[in-house]
1. What is the count of Lys pairs in region 13-122 whose alpha carbons sit under 29 Å apart, if the two are 8 or more places apart or on different chains?
2. So if I take the centroid of the Cα atoms in region 198-258 and the same for region 333-402, what is the distance between those two points in Å?
3. Measuring from label point to label point, each 7 Å out along Cα→Cβ, what is the Lys222 to Asp190 span in nm?
4. Can you find, among Ile347, Gly374, Tyr358, the residue sitting farthest towards the positive end of the charge dipole of region 331-417, where Lys and Arg contribute +1 and Asp and Glu -1 at Cβ?
5. Once phi is turned into θ = phi - 60°, what whole-Hz ³J(HN,Hα) does the Karplus curve with 6.51, -1.76 and 1.60 give for every residue of region 83-97, x standing for Gly and Pro?
6. Rank the residues Arg365, Arg288 as a footprinting-exposure proxy: fewest other Cβ atoms within 10 Å of their Cβ go first.
7. Pulled fully out, how much extra length does the chain show between Ala56 and Arg24, if you take 0.36 nm times their separation in residues and subtract their Cα-Cα distance?
8. Between Tyr135 and Glu244, what's the calculated FRET efficiency when r is the beta-carbon distance and R0 is 30 Å? Round to 0.05.
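Readers should treat all values here as calculations from the given coordinates under stated rules, not as data from a laboratory. Here the structure is a predicted model, which means the values were calculated and not measured. Cβ sites come from the backbone with ideal geometry, for glycine too, and all protein chains shown count toward neighbours.
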Amino acid sequence: MKNKRVLVVGSGGRCHAIVDALSRSPQVMKIYCAPGNAGIARQAECVNIGVTDVEALVEFAKSNSIDLTVVGPEASLAVGITDRFQQEGLRIFGPTKAAAQIESSKEFAKRLMAKYDIPTASYEAFEEFEPAWEYVKGRPLPAVIKYDGLAAGKGVVVAESYEEAEAALKDMLLDESFGKGRVVVEEFLDGPEFSFMCVASGEKVYPLAMAQDHKRAYEGDKGPNTGGMGAYSPVPFVTEEVREFALEKIMRPTAKAMVAEGVPFVGVLYGGLILTTEGPKVIEFNARFGDPETEVVLPRLESDIYDLFDAAIDQRDCATEWSKEAMLGVVLASKGYPGSYGKGAEIKGSESVEATVYHMGTAEREGKLLTAGGRVMMVVGRGESLAEAREMAHRSIDKIECESLFHRRDIGHKVLD
Ligand code: AMP
Ligand code: GLY
């Protein structure tokens, strides 16, 4: 029956893709999004509540008879949105604050993986600059240095030189530009990366389709790390055998380990994996849908996403069905991103393209669509092959006019060129 009322918390491309998938559900009657953006506003009713304003969100869910709340960003999880909703007897899809530590604390994740034999890079944790620097100097390059805490993907430096490594350690441990913290120094893993998102519910794991992100800002995987500049799904080098290994040796054991540790995980368990010569290994876990991976994965979901969320909350079985179609999405970002950038430039033509356009950071004023963030929109092409999907994405981007955007034209290059 089409009678469910859903609240999606968040405002980026990931939330637009979640809203889009929910709008295809035969059960969903009404979708709200807090706070949403100009694109989401075409498919959901946007409400002006911030993603960490948990009390206002609880109040909204109660007074609007919301059947299910779906959490997008980690910031909401980090302030305990799930714990609060559960206290109030409200249904919510997303892990508790304690379970979300698998993303918010690198050390928590590392300890868990060591204890339960989940394949990952070896590591040491440090709180002081001197011992960290001594350790790094005595190891081969590149040095992988991670700030332990939420840093939205920017707290990781893969240093190719000792000077760069020293600067990163100073930045994280002496200058306190990230706040007082710890760092984890890791073994460098060599191989192609892929993102394996699973809906997890206690010991149950429902795998989603594979995707690959492109984290660097510029073509040829150059430049600074970003939130992600493009993605595609499926991922040809993830063979059935690799997928099976990743599911049975990484994702399922991790879900079980969380239960054994007393912090059962309900939500999207995102495995950021590297395919090494010894098989896939974990570089990071996230406690939420990936962005921009979600924008190429959810359009391939043919079964009802509401049912999947619902099943996860109740720990019941749920089969998912996936389209064979390929999706490839390119992020249009504001010039200057991931550094400082301007806002308010007009975007024309994005409404009438063939590709699906998910809005990431947009606003609408006086009927004009404007840039309002670092990552502005994701243009997702589809086709029988990734090459076809890429062509559609590029054809569509060529029709979008905005002077202050840039994008990478090489999304998918690792498997297409
Ligand atoms: P993370 O935020 O942990 O995903 O790290 C950001 C990026 O740094 C990853 O997507 C990888 O490209 C790279 N990276 C992180 N850890 C490692 C590692 N141990 N070995 C190789 N590359 C890594
Ligand atoms: N695409 C990487 C992330 O969502 O963290």
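1. Numbers: Lys30/Lys62; Lys30/Lys97; Lys62/Lys97; Lys97/Lys106; Lys97/Lys110; Lys97/Lys115; Lys106/Lys115.
Summing the qualifying lysine pairs gives 7.
2. With region 198-258 and region 333-402 each reduced to a Cα centre, they are spaced 24 Å.
3. 2.3 nm
4. About the Cα centre, the residue reaching furthest to the positive side is Gly374.
5. Ordered by residue, 3J(HN,Hα) equals 4, 5, 4, 5, 4, 8, x, 9, 7, 9, 9, x, x, 5, 4 Hz.
6. Numbers: Arg365 11, Arg288 24.
Neighbour counts put them in this order, fewest first: Arg365, Arg288.
7. Working: separation 32, 0.36 × 32 = 11.52 nm, distance 2.75 nm.
Fully extending the segment from Ala56 to Arg24 adds 8.8 nm.
8. Details: r = 36 Å, r/R0 = 1.20.
My answer for the efficiency is 0.25.
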